């Protein structure tokens with residue numbers, strides 16, 4: 001069976017699609033078969049990223065290892081019992097189609113609470129939650145005291161993950177390996193940054209997730225999207241000398257893949 005990776009966070013702007021595309025492409029470059037599914041039916045950032053990639057590859061005659069993008073299939077409403085949700089059936093049909101052709105299935109969830117996102121989380125073998133390095137985003141995981149030191153209780157997204165874990169336990173499935181990614185971290189050591197680090201460490205022990213390093217804020221990510229490229233593609237498209245920022249970003253991706261520790265994955269980039 002394919003290992004299912006879900007990239008989820010109910011707040012927009014955390015870099016989910018950038019993380020999802022880089023993880024998926026890194027796996028494809030390590031000769032794994034990777035299927036990706038974008039559940040944000042409105043913005044479709046990951047689907048657009050994949051489309052930009054296939055278009056750029058075709059136009060420039062490139063040979064770049066790539067994930068395969070899938071869409072949710074349409075289902076006749078009349079075939080769905082009244083007491084069942086059509087989105088559950090659409091997602092199940094998509095997974096059934098992807099699994100025979102995939103070693104890894106990566107699902108990118110929308111930055112809001114939807115039925116599709118809720119069900120996808122219950123399917124996750126690995127859950128990656130990118131989180132901007134601010135207490136505004138931290139509030140999605142837990143409520144914290146005004147001094148940023150005391151965890152007062154879990155918040156809406158953590159409760160949703162807990163429910164997903166309960167569903168997997170009831171179905172006798174393996175527990176979700178939850179990894180929270182500190183994303184868009186500033187380069188400077190500031191008091192707020194240190195408080196965030198302490199708060200995440202306390203919360204990780206309390207509700208059960210691992211902390212992984214994410215990407216620093218870099219212009220290169222915005223420049224890569226229109227061509228569907230990732231950091232790992234730069235040399236293949238003619239960039240002979242990577243600058244210091246690009247080299248540092250590639251190392252951040254290595255550190256991320258290493259920390260997530262997916263089954264059977266040995267980093268070779």
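The values are calculated or read from the model by the stated rules, or taken from the named source; none is laboratory data. Owing to the predicted nature of the structure, the values given are computational and were not obtained by experimental measurement. Every residue, glycine among them, receives a Cβ derived from its backbone with ideal geometry; neighbour counts consider all protein chains shown.
Things to note:
- Condition check for residue 17 on (1) in contact with a helix residue (DSSP H, G or I) (Cβ under 8 Å, 6 or more places away or on another chain); (2) at pLDDT 95 or above; (3) assigned to a helix (DSSP H, G or I): one failure, at (2).
- Checking each residue in the stretch 30-40 for being out of contact with any strand residue (DSSP E or B) (no Cβ under 9 Å at 6 or more places or on another chain) and surrounded by 14 or more Cβ atoms within 10 Å (Cβ to Cβ) picks out only 30.
- Inspection of the stretch 37-44 identifies no residue that is free of Cβ contacts under 8 Å to residues at least 24 places away in the same chain and on the phi < 0 side of the Ramachandran plot.
- Within the stretch 199-212, if we keep just the residues that are crowded, with 17+ Cβ neighbours inside 10 Å and closer than 16 Å to residue 126 by Cβ, the residue that is nearest to the chain's Cα centre (by Cα) turns out to be 212.
- Screening 70, 49 for residues that are under 22 Å from residue 256 (Cβ atoms), touching a helix residue (DSSP H, G or I) at 6+ places or on another chain (Cβ under 8 Å) and in contact (Cβ under 8 Å) with a residue 12 or more places away in the chain leaves exactly one candidate, 49.
- Residue match in the stretch 245-261 (condition: more than 16 Å from the chain's Cα centre (by Cα) and more than 27 Å from residue 45 (Cβ to Cβ)): no
- Some residue of the stretch 154-161 being touching a strand residue (DSSP E or B) at 6+ places or on another chain (Cβ under 7 Å), in contact (Cβ under 8 Å) with a residue 12 or more places away in the chain, in a helix (DSSP H, G or I) and under 17 Å from residue 11 (Cβ atoms): yes
- Condition check for residue 167: assigned to a loop (DSSP other than H, G, I, E, B) and farther than 17 Å from residue 18 by Cα: no
- Among the conditions (1) touching a residue at least 60 places away in the same chain (Cβ under 8 Å); (2) touching a helix residue (DSSP H, G or I) at 6+ places or on another chain (Cβ under 6 Å); (3) closer than 21 Å to residue 181 by Cα, the only one that residue 228 does not satisfy is (3).
- Evaluation of residue 89 against (1) more than 15 Å from residue 28 (Cβ to Cβ); (2) modelled with pLDDT of 95 or more (one fails), failing number: (2)
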